[in-house]
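Okay, structure first, notes after.
The values are calculated or read from the model by the stated rules, or taken from the named source; none is laboratory data. Since the structure is predicted, the reported quantities are computational estimates derived from the model, not experimental observations. Neighbour counts run over all protein chains shown; Cβ positions are idealised from the backbone, glycine included. Keep in mind that these areas ignore ligands, DNA and RNA; they rest on the heavy atoms of the full protein, side chains included. Shrake-Rupley method; radii C 1.70, N 1.55, O 1.52, S 1.80 Å.
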Amino acid sequence: GGTSAYLNQDWAVSLAKDRGADLLLLYVSNVHFLDLIAGPVRLDLVEAELEDLGEFLLAMAQERVEKAGFAAEMAVRSGEFVSALEKIIKEKDISIVVLGCPTNDTGITSEGYITRVAERLQASSNIEVFVVGEGRVVVHLAPALKASESSNDSSGDDSSGDDVSGEE
């Protein structure tokens, strides 16, 4: 959250505008940390609360995107972060993912972790992935060319219809 997240969101909106792409804002919740708690916990209630929080955060981000003159779809998922990303990439036929990385390493969410996520997504889905921090590209991974594309001149930029998924 905060200023860094806004800068990353602004960068994702700018990319979507430049590429003529659709924008999907994604929130992924994961309650597996509750497995470490000894006492009884209603996982279904905690998961529902986290999903509500996610919807609220996405609605705020969507409002910022709309104020910038662009539209964005929202999606809330639960489960393991990378698996949820891989599923929605397939479900929505997403070709570009923008992952925001924090200004400072904050436990599990570090630049190194986000970079490893980007590498896994690019390898598993053969998509373009950007890691953005404070509104600047930290890592850019391009999809591998298919055999049919490598023999053609790929200097033309036919990027209409791309989907960009922004996640912070």
Once each part is reduced to its C-alpha centroid, what is the distance from the stretch 1-63 to the stretch 66-82 in angstrom?
7 Å
Sorted by chain and number, the residues with a modelled amide H under 5 Å from that of VAL31, at a separation of 5 or more or across chains, are GLY79
Taking all protein chains in place and a 1.4 Å probe, what share, in percent, of the accessible surface of the stretch 29-118 do carbon and sulfur account for?
56 percent
Listed highest first by mean packing, meaning other Cβ atoms within 10 Å per residue, what order do 41-50, 68-77 come in?
68-77, 41-50
Order of 18-31, 53-66 by packing, highest average Cβ count within 10 Å first?
18-31, 53-66
Taking a ≥ b ≥ c as the square roots of the Cα gyration tensor eigenvalues, with a/c under 1.5 meaning rounded and otherwise prolate when a/b beats b/c or oblate if not, the stretch 1-107 comes out prolate
